[in-house]
Amino acid sequence: MNPNLELAISAFAGSAALTSLFVILTLIGTLNPYHRPAIPILGASFVIFASTYLFAHIVGIPANSIALRLTMSEGVLALLDIIPIAFLLCTFMFLQASLRKRPEDPLLALLESEPGSE
Amino acid sequence: MSLWAAQVWLGMAITVIGIGMHRTGPAFRRHPFGIPVALLGLAVMLFRVEKPPHPESEVVAATMDAAMWLLPALAGSALVLMGAPLYWRTRLLPLLVGWALIVVAWYQYYSVMSVALSDALRGVSTLLGVTLALAVFALCVRTAERMTPQEPETEPLSEKEKKYVESVLRRHLEVSDEP
């Protein structure tokens with residue numbers, strides 16, 4: 001297989017598996033009595049196992065715990081590669097937020113005009 | 001899996017759980033254990049006695065390399081959000097310090113970056129992978145919500161409840177209960 005294509009499929013499988021792991025961990029971190037996490041956890045687990053199987057098939061190794069670790073590691077490396085794109089978008093949004101002028105709020109103006117207000 | 005490899009994954013799991021905990025609750029009062037748990041996770045992941053085996057060693061090395069520009073980027077972003085006129089007036093000092101840190105972050109990133117054509121294909125694949133995982137999650141949430149039995153129609157308020165709601169509204173509108 002073309003090495004570039006192999007890299008791309010590895011990044012796809014890794015990022016899908018790692019994002020699904022993050023989904024499961026976030027569900028654990030935000031657990032509350034109104035949660036119904038069973039089906040989302042099952043779905044995310046399915047994505048993790050399917051991605052691991054795809055990664056193992058592409059690399060040519062058995063789909064076991066080592067393949068799972070390799071898939072997750074590939075996911076971390078792939079996500080670290082695209083974080084700068086997200087940061088670039090955030091920088092533009094910060095620039096817009098920093099340069100904008102807040103619209104005058106008549107209620108806040110009323111509050112400020114009251115004696116004893118800051 | 002060796003102990004040091006397990007430590008890396010355990011640390012990462014604790015960090016993500018901590019960040020998830022921090023996002024719960026209203027914006028003005030976040031979960032008190034969120035940030036401490038996330039920091040504990042980072043400490044578990046990055047501080048170890050022995051070098052972790054392959055492939056975790058690459059994960060830790062890449063994370064440490066990224067931290068060189070990610071830390072000023074995160075601190076700068078937080079300061080810019082505090083200083084920008086989003087909810088209140090502009091606060092110049094946090095805004096300027098925040099932008100200085102963002103510039104430092106970009107400088108750090110450009111000093112170590114190396115872009116190749118294959119990176120673009122890899123980046124697109126990564127975005128597709130993330131999108132697939134989030135789409136499956138959204139589909140599962142929709143399925144779970146559809147399977148939730150509908151609550152019966154709520155009974156109207158009793159006279160006592162009506163009086164209570166009325167008194168709360170009056171109190172908040174600073175109107176005396178007495179006619």
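Some observations on this one:
- Failed condition for B:Tyr109, given (1) in contact (Cβ under 8 Å) with a residue 40 or more places away in the chain; (2) over 23 Å from A:Ile83 (Cα atoms); (3) hydroxyl-bearing (Ser, Thr, Tyr): (2)
- Residue that is in a helix (DSSP H, G or I), more than 9 Å from every other protein chain (Cβ to nearest Cβ) and closer than 27 Å to A:Leu95 by Cα, where the choices are B:Val80, B:Val97: B:Val97
- Test: residue in the range B:109-130 that is within 14 Å of chain A (Cβ to nearest Cβ), of a type in the set (Phe, Trp, Tyr) and exposed (fewer than 15 other Cβ atoms within 10 Å of the Cβ): yes
- Some residue of the range B:48-70 being within 20 Å of the chain's Cα centre (by Cα), at the interface with another protein chain (Cβ under 10 Å from one of its Cβ atoms) and buried (at least 20 other Cβ atoms within 10 Å of the Cβ): yes
Listed here are the residues, each with its yes/no results for (1) over 30 Å from B:Thr143 (Cα atoms); (2) modelled with pLDDT under 90; (3) over 15 Å from the mean Cα position of the chain (by Cα).
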{"site": "A:Ile41", "(1), (2), (3)": "no, no, yes"}
{"site": "A:Thr52", "(1), (2), (3)": "no, no, yes"}
{"site": "A:Val76", "(1), (2), (3)": "no, no, no"}
{"site": "A:Met93", "(1), (2), (3)": "yes, no, yes"}
{"site": "A:Leu99", "(1), (2), (3)": "yes, yes, yes"}
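- Inside the range B:1-11, residues that are in a helix (DSSP H, G or I) and in contact (Cβ under 8 Å) with a residue 40 or more places away in the chain make up a count of 5.
- Checking B:Thr154 against (1) of a type in the set (Val, Ile, Thr); (2) more than 7 Å from chain A (Cβ to nearest Cβ); (3) farther than 20 Å from A:Ile85 by Cβ; (4) surrounded by 14 or more Cβ atoms within 10 Å (Cβ to Cβ), the condition it does not meet: (4)
- Single residue of the range B:131-144 satisfying the filter (under 15 Å from A:Ser51 (Cα atoms) and at the interface with chain A (Cβ under 7 Å from one of its Cβ atoms)) that is surrounded by the fewest Cβ atoms within 10 Å (Cβ to Cβ): B:Leu134
- All of B:Thr15, B:Thr24 fail the test of being touching a residue at least 12 places away in the same chain (Cβ under 8 Å) and within 30 Å of B:Tyr87 (Cβ to Cβ), apart from B:Thr15.
The values are calculated or read from the model by the stated rules, or taken from the named source; none is laboratory data. What you see is a predicted model; the values in this text were computed from it and never measured. Please note: Cβ atoms are built from the backbone with ideal geometry, for glycine as well, and neighbour counts cover all protein chains shown.
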